[in-house]
Amino acid sequence: MKNIDRWFVLTGLVFLLIGMVLGLKMSMAQDFSLHGLHAHLNLLGFVVMTLFGLCYHTWPRMQEGKLATVHYLLHTVCTAGGLALLFYLLSNPELAPKIGPIMDMTVAGTVVGVVLFIYLFFTRARE
């Protein structure tokens with residue numbers, strides 16, 4: 001995937017917009033029951049993805065090969081899926097026994113993505 005650095009930042013900006021709209025909605029309704037989702041949208045979605053993008057931009061060798069694309073897809077799909085599940089979990093706590101194990105898989109996928117990023121950083125960001 002070309003311009004993986006740009007894709008990370010653009011996707012992070014989408015998560016930021018969603019997180020900010022959710023924050024505005026919570027503020028207007030004075031209902032902060034989804035504050036955990038709001039925080040994760042902004043941190044895992046915007047901050048982490050933007051930092052990944054900036055690192056890929058700073059050290060272009062990290063983008064070589066298919067691993068960067070795998071990292072982007074893994075982080076994006078697992079983060080988006082995990083956040084959607086978190087929304088349902090916070091909205092319907094009684095679904096925790098059913099949603100929990102699936103959510104655990106999305107969290108594990110995100111962790112694997114971070115490990116992949118660490119590998120790419122330590123093996124290719126040497127300039």
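FYI, it's all coordinate maths here, none of it is from the lab. Computed from a predicted model, the values in this text were never measured in an experiment. Cβ placement follows ideal geometry from the backbone for every residue including glycine, while neighbour counts extend to all protein chains displayed.
List of remarks:
- Helix 96-124 axis, angle to the chain major axis (alpha carbon atoms, nearest 10°): 20 degrees
- In plain terms, the chain from V111 to M20 could stretch by 30.3 nm, reckoned as 0.36 nm per residue minus the Cα-Cα distance.
- Using only Cα coordinates, the Kirkwood hydrodynamic radius of the chain works out to 15.3 Å.
- Two-site label geometry, Y88 and L43: point separation in nm, points 7 Å out along Cα→Cβ: 2.4 nm
- At R0 = 41 Å, FRET efficiency that the Cβ-Cβ distance of L95 and T58 yields, to 0.05: 0.50
- The loop-placed chymotrypsin sites (Phe, Trp or Tyr not before Pro) in the range 22-127, going by DSSP, that have at most 12 neighbouring Cβ atoms within 10 Å of their Cβ come out as F32.
- Placing unit charges on the Cβ atoms only, positive for Lys and Arg and negative for Asp and Glu, gives the chain a dipole magnitude near 360 debye about its Cα centre.
- Point-to-point label distance, F32-K66, nm (Cα→Cβ direction, 7 Å offset): 4.7 nm
- Phi-based couplings in Hz for the range 9-25 (Karplus 6.51, -1.76, 1.60; Gly and Pro marked x): 5, 4, 5, x, 5, 5, 4, 4, 4, 4, x, 5, 5, 4, x, 5, 4
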